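What follows is a set of notes on a single structure, which appears directly below.
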Amino acid sequence: MGKKESLQEKRQKMAEKRRRLRRRMRSCAQDILCSPNFRRSAAFCQHGRISVRSHSLMVAECSLQIRQKLLRLGIECRERELVRGALLHDYFLYDWHVKDKTHRLHGFFHPGTALANAQKEYVLSEREKNIILRHMWPLTPCPPACREAWIVTAADKYCSLRETLFLRRRRDA
Ligand SMILES: [Fe+2]
Ligand SMILES: [Fe+2]
């Protein structure tokens, strides 16, 4: 009984933490979250059953969590740029699983496509541009050049791995 309660408490705490992160995200990037193209990315597949929109939300959430951990160590980074860059890091706006010559070598070229698309709709800071353009390092040669871009690069790798493993497990089941 006691164990059940503590599990429930744990779940409630996690749900509350998630709500707080989502609030932070909305306060930094409500315009992106409500935009037609960002919403449209829910129809594009990223890993298995995870859409590009869900993946981008998870990367932004994970980046905020890393930021909080770094803050406890006295290391600061810019929250607004971190969130906006994370939400737009895969703003390539197509399904890369669909065979098309414009999607060739997706892994190498989609950061540039995402940046070009994002710049059509938003005025981006240098940090935000760096986050989008460098997030595929080390597949692409230039490493991130600011703390925020390093955080999103790490969060993206972590979330991608988690999405892939989770889906493999479901497929194997
Ligand atoms: Fe990407
Ligand atoms: Fe990504």
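Each reported figure results from applying straightforward, stated rules to the coordinates on display, with no laboratory input. None of the values given here were measured: they were computed from a predicted structure. Note that each Cβ is placed from the backbone with ideal geometry, even for glycine, and that neighbours are counted across all protein chains shown.
Shown here are the Rg and Dmax of the Cα trace of segment 113-159, at 10.4, 29 Å. Any chance you could tell me what percent of the C-alpha pair distances in the chain go past 22 Å? Summing the P(r) tail past 22 Å for the chain gives 46 percent.
Electrostatic bookkeeping for T113 treats Lys and Arg as +1 and Asp and Glu as -1; over the other residues with beta carbon under 12 Å from its beta carbon, the sum is +1.
Taking 0.36 nm per residue of separation and subtracting the Cα-Cα distance, full extension of the segment from A116 to L70 would add 13.5 nm. Positive end of the dipole of segment 10-116, charges at C-beta (+1 Lys, Arg; -1 Asp, Glu), about the Cα centre: which of G107, M58, W96 has its Cα farthest in that direction? It is M58. Calculated mean residue ellipticity at 222 nm for the chain: -23500 deg cm²/dmol, from DSSP H runs with n ≥ 4 weighted as -39500 (n - 2.57), summed, divided by the residue count and rounded to 500.
Computed over neighbours whose Cβ is under 15 Å from that of E126, the net charge equals +4, Lys and Arg +1, Asp and Glu -1. Distance between the 7 Å Cα→Cβ label points at K10 and R162: 1.6 nm.
A simple count of charges around M136, restricted to other residues whose Cβ falls under 13 Å of its Cβ and scoring Lys, Arg +1 and Asp, Glu -1, yields 0.
Placing +1 on the Cβ of every Lys and Arg and -1 on the Cβ of every Asp and Glu, with nothing else charged, gives segment 10-62 a dipole about its Cα centre of roughly 400 debye.
Dipole size of segment 30-173 about its Cα centre, with +1 on Lys/Arg Cβ and -1 on Asp/Glu Cβ: approximately 420 debye, rounded to the nearest 20.
Computed over the chain with a Gaussian network model linking Cα atoms closer than 10 Å, the most mobile of Q12, Q30, Q46 is Q12.
Here segment 1-93 is described by how far its Cα atoms reach on the three principal axes: 48, 35, 21 Å, from widest to narrowest.
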